[in-house]
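The values are calculated or read from the model by the stated rules, or taken from the named source; none is laboratory data. Just so we're clear, the structure is a prediction, and the values are computed from it rather than from any experiment. Methodologically, a virtual Cβ is constructed for each residue, glycine included, from the backbone with ideal geometry; neighbour enumeration extends over all protein chains shown.
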Amino acid sequence: MLSRRAFGMMLAMSTGGIGSCGYAIAQSYPTRRIKLIVPVPPGGPSDGLARLVAPTLSAALNETVIVDNRPGGGLTIGTRAAAAADADGYTLLLALPGPFTVRPAITNNLGYDPVKSFAAVALVARTPQVLVVAPSVPANSVRDLISYAKSNPGKLNLGIPGVGTQPHLIGELFKQRTGVNIVIVPFKGSAAAMSDLLAERIQMYFEPVPGVLPFIRAGKLRALAILSDKRHAELPDVPTMAEVGYDEFNVSFWVGIVAPAGTPASIVEKLNAVINAGVKSAEMRTNLTVFGAEPSPCTPSEFATFIASEMKKWAAVARSAGLNAE
């Protein structure tokens, strides 16, 4: 087992290109506890993923990392708080699709800029979305669903967990790409939407695989397609949207770590190396499986590029749907 000194030397070598000043900052960091702001309430999947990352950071950095839940405002309250924090590496944020790539597509005045207000640190994991329908819907494939929707305009209701959520824009993209006339029905959260889906008051839903997998297995919902570039291990018989001709539907629920803009590059690189090492570990892979998530290690610049590309994609969808609210 590596000593902390040896680990520190390896970490320093992995962040090659940092100047002597940056090296010194990275070597001394951290000297006090780190706060990880999580913009959702305790108990959900996103919070659970944050509580996997926090001890990983704590063990590698030999410093306490606390989870600070700050829900509200469509996930923007905690996000704004992180953007306003000191850029010293002692405040981090759990970055999620809603406040980073979806809300910016429909709201102009968020109080932060997903690109300018933050330094991308690391993409932790991704979980593919799946398109499910109620058993009464006469469709066993995406093609069947599109055909039925076109023959019955306005009859199918697509539930979403709220206006401005990732499933909302997925639904708008589905309408734009397939030309179907379906009704998008907003709910106050996924639990309420799922209840109506199971009661067949709505007929369609997009949800990360873990949220609907038990119902698919029990025959209470029918999975038509995985929104990914590959099939899901738990649903090997369900094709991807790309397989049925819609390759722009590579959509995942993702979780990452960012820091306030201006955080020293040496600290960002150190955090990235620690998180990537943790994500690649067998223990973390096993833990992520519980959430149906797959580890997604990358560099800070790759994560920043990913965020920018997602923002561009959903902004185009929102414009086409006329969803810009301000």
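Only one entry of Val238, Val274 meets the criterion of being more than 28 Å from Ile106 (Cα to Cα), in contact with a Lys or Arg (Cβ under 8 Å, 6 or more places away or on another chain) and outside any strand (DSSP E or B), and that entry is Val238.
When you look at Asp113, is it closer than 25 Å to Ala277 by Cβ, surrounded by fewer than 18 Cβ atoms within 10 Å (Cβ to Cβ) and either among the acidic types (Asp, Glu) or in contact (Cβ under 8 Å) with a residue 60 or more places away in the chain (or both), yes or no? Spelling it out, it is not the case that Asp113 is closer than 25 Å to Ala277 by Cβ, surrounded by fewer than 18 Cβ atoms within 10 Å (Cβ to Cβ) and either among the acidic types (Asp, Glu) or in contact (Cβ under 8 Å) with a residue 60 or more places away in the chain (or both).
Looking only at the range 243-271, which residues are small (Gly, Ala, Ser) and closer than 18 Å to Pro167 by Cα?
Ser252 - this is the single residue of the range 243-271 that is small (Gly, Ala, Ser) and closer than 18 Å to Pro167 by Cα.
I'd like to verify a number: residues in the range 38-67 that are outside any helix (DSSP H, G or I) and either within 15 Å of the chain's Cα centre (by Cα) or farther than 27 Å from Ala191 by Cβ (or both), how many? Show your work before the answer.
Taking the range 38-67 first, the residues outside any helix (DSSP H, G or I) are 38-44, 62-67.
Restricting the remaining residues to those that are either within 15 Å of the chain's Cα centre (by Cα) or farther than 27 Å from Ala191 by Cβ (or both) gives 38-40, 44, 62-66.
The qualifying residues number 9.
The residue pairs whose first member lies in the range 248-260 and is under 15 Å from Ser117 (Cβ atoms) and touching a residue at least 40 places away in the same chain (Cβ under 8 Å), whose second member is of a type in the set (D, E, K, R) and in a strand (DSSP E or B), and whose beta carbons are closer than 7 Å, counting only pairs six or more residues apart or on different chains, do not exist in this structure. Of all residues in the range 277-324, those satisfying the criterion of being part of a helix (DSSP H, G or I), at pLDDT below 95 and of a type in the set (Ser, Thr, Tyr) are Thr286, Thr289, Ser309, Ser320.
For the range 173-187, indicate whether the set of residues that are in a loop (DSSP other than H, G, I, E, B), touching a residue at least 40 places away in the same chain (Cβ under 8 Å) and not small (Gly, Ala, Ser) is non-empty.
Checked against the condition, which is being in a loop (DSSP other than H, G, I, E, B), touching a residue at least 40 places away in the same chain (Cβ under 8 Å) and not small (Gly, Ala, Ser), the range 173-187 yields no hits at all.
Which one is surrounded by the most Cβ atoms within 10 Å (Cβ to Cβ), of the residues in the range 207-221 that are in contact (Cβ under 8 Å) with a residue 12 or more places away in the chain and over 18 Å from Glu294 (Cβ atoms)? Residue satisfying both the conditions and the ranking: Leu221.
With respect to the conditions (1) touching a residue at least 40 places away in the same chain (Cβ under 8 Å); (2) within 28 Å of Val40 (Cα to Cα); (3) not basic (Lys, Arg), Leu224 falls short on a single one, namely (2). Please find, within the range 166-200, the residue that is surrounded by the most Cβ atoms within 10 Å (Cβ to Cβ) out of those that are under 22 Å from Ser141 (Cβ atoms) and of a type in the set (A, V, I, L, M). Here the answer is Leu197.
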